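One structure is given below, encoded as structure tokens.
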Amino acid sequence: MKYPAARLPQLLTRSPFPPLWAVTGDEPLLIEEAADAIRTHAKAAGFTARERVVIDKGDALATLTPTTENLSLFAEARLLELRFLVPPQGKEAPLWFAALCDRPPEATVTLLILPPLDWATKKTRWYQALEKGAILVETQAPSRTQLPQWWAERLHAQGQHASRELLAYLAECSEGNLLAAKQQLVLLALLFPPGPLPEAEVRAAVAEVARFDPFELRLAVLTRNATRAARLITALRDEGVAEALVLWALAAGVRALARASEAADPRAVDAIAKSEKLFSPVEKQALRSATRLESAHCHQWLRRVAQLDRIAKGVEAGDFWCEAERLALALNPATRTSADFSVTWSTL
């Protein structure tokens, strides 16, 4: 049965310890935290040995046996961890998961760690079999409006608390990157004692170590969040990030939008997402929305990316960071122009 991550502490107290678990979601930190909690409780329940298998191909299930022979009398009870880097595929997937749910390996707790899954994957027979036969924990990243509360809960867990204004500042600095936020939480626990956090000192400490990820810039481009994209470019510039990384993020996002805008069939979006290595539900939804874009707009953005490439290489004069911000702001419908440029996305 499927449960939200908030129910996990209750689920872990079940006795006997359930033999089959699965964790999925759109946020790596929350997936790993849920998996760590399951590992810890499985070990406390006597499953002291641990085996790990990484599955990097969707059709690799044919090479795995979902059940095992009985362990010997003196063998340790184990935790069998199967980490899927891509969603399971192929005709054997429904049968494999059905067999796993019907007859889990003996003296074993099986933990499946799944990548982000879109709505279509959740309708497949293998997922439905897993949802019916396992404890399926679904993590979900907090929205931007929920981030201050997420910070408040995490600070409370380490004996600290902050004002509403400071919570909003911390949420803004982490830009929704929970891995970066966790690093900042560790820093605050080391720098300040339990109790109320001093606002000025915290702001100074966080500003000193704040980091912005080029992948976040690509996501901002894909979602056409012009304001956020411009802010990220400014932050990346201030941190001394190489122009090549910023160019990659901008080009990757714009190229994917252009390809989606030219797709005659919305079903082609999945193939585009796969070739562009866009796997999260948010990224795929952004591509689906891009099918309604006018190609002329995307061609204009591609032209700007090509110009940035020439500036970065010294072939054309110009301020790279200024032009990058102009490109970001052009993603806003209010600032777009309808000029069409003959630029091919496959060359970028």
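Rolling a 1.4 angstrom probe over the chain with all protein chains present gives an accessible area of which 55% lies on carbon and sulfur atoms.
If I take every Cα pair under 8 Å that is 6 or more residues apart in the chain, average their sequence separation and divide by the length, what percent do I get for the relative contact order?
15
Given the Cα-Cα distance of A263 and Q89 and 0.36 nm per residue of separation, how much length would full extension add, in nm? Intermediate values should be presented prior to the final figure.
Details: separation 174, 0.36 × 174 = 62.64 nm, distance 2.41 nm.
Gain in length upon complete extension: 60.2 nm.
Probing with 1.4 Å while keeping every protein chain in the model, the per residue accessible area of the chain equals 51 Å².
For region 101-117 versus region 134-181, the inter-centroid distance based on Cα atoms is 29 Å.
Report the rotationally averaged projected area of the chain based on its alpha-carbon convex hull, in square nanometres.
Values: hull surface 84.0 nm².
One quarter of the hull surface, i.e. the mean projection, equals 21.0 nm².
Modelled spin labels at T145 and A204, positioned 7 Å past Cα toward Cβ, are 3.6 nm from each other.
Charges at C-beta only: +1 for Lys and Arg, -1 for Asp and Glu. How large is the resulting dipole of the chain about its Cα centre, in Debye rounded to 20?
Using only the charged Cβ atoms, the result is roughly 720 debye.
Cα-Cα over 25 Å: which of K57/K122; K2/K91; K91/K122; K57/K182; K122/K182; K132/K274? Table pairs above 25 Å Cα-Cα are K57/K182; K122/K182; K132/K274. Quick check on the chain: of the DSSP beta bridges with both residues there, what percent are antiparallel, nearest 5%? Bridges in the chain are about 0 percent antiparallel.
Annotation: peptides 281-289, 217-225, ranked by per-residue average of other Cβ atoms within 10 Å with the highest first, follow the order 217-225, 281-289.
Between the helical axis of 164-174 and the dominant principal axis of the chain, each derived from Cα atoms, what acute angle in degrees is found, rounded to the nearest 10? The helix 164-174 is inclined about 80 degrees to the chain. All alpha carbon pair distances within region 245-307 were sorted into 5 Å bins beginning at 0; the resulting P(r) in whole percents reads 4, 21, 30, 25, 16, 4, 0. Choose one of L327, A290, A249: the residue whose Cα lies farthest towards the positive end of the charge dipole of region 199-336 (beta-carbon charges +1 Lys, Arg; -1 Asp, Glu; about the Cα centre). Of the listed residues, the answer is A290.
Here the 3J(HN,Hα) profile of region 317-331, calculated from phi with Karplus coefficients 6.51, -1.76 and 1.60 at θ = phi - 60°, is 6, x, 8, 4, 5, 5, 5, 5, 5, 5, 4, 4, 5, 5, 5 Hz, Gly and Pro shown as x.
Dipole orientation for the chain: of the candidates N225, P105, L185, P105 has the Cα lying most toward the positive pole (charges on Cβ; Lys, Arg +1; Asp, Glu -1). Under a 5 Å amide H cut-off, with hydrogens placed 1.01 Å from N, Y3 pairs with L136, V137, E138 among residues at least 5 apart or on other chains. Against the chain, whose longest principal axis is taken from its Cα atoms, helix 178-191 shows a tilt of about 80°. Could you give the angle, 0 to 90 degrees to the nearest 10, between helix 92-102's Cα long axis and the longest principal axis of the Cα atoms of the chain? That helix lies at roughly 40 degrees to the long axis. A P(r) calculated from all alpha carbon pairs of region 221-267, with 5 Å bins opening at zero, reads 5, 20, 24, 22, 14, 8, 5, 3, 1 percent. What number, rounded to the nearest 500 deg cm²/dmol, is the helix-based mean residue ellipticity at 222 nm of the chain, given -39500 (n - 2.57) per DSSP H run of at least four residues and division by all its residues? When only DSSP H runs of four or more count, the value is -15500 deg cm²/dmol.
Stokes-Einstein at 4 °C, 1.567 mPa s, Kirkwood radius from Cα pairs: D for region 137-287 in µm² s⁻¹? Please list the in-between numbers first.
Numbers: Rh = 17.1 Å.
Reported coefficient: 76 µm²/s.
Given their separation in residues at 0.36 nm each and the Cα-Cα distance between them, E172 and K57 gain 37.7 nm when the chain is fully extended.
The values are calculated or read from the model by the stated rules, or taken from the named source; none is laboratory data. It should be emphasised that the depicted structure is a prediction, and the values quoted were computed from it without experimental measurement. We place every Cβ from the backbone using ideal geometry, glycine too, and count neighbours over all the protein chains shown. In case anyone asks, the SASA skips ligands and DNA or RNA and just uses the protein heavy atoms, side chains included. Shrake-Rupley method; radii C 1.70, N 1.55, O 1.52, S 1.80 Å.
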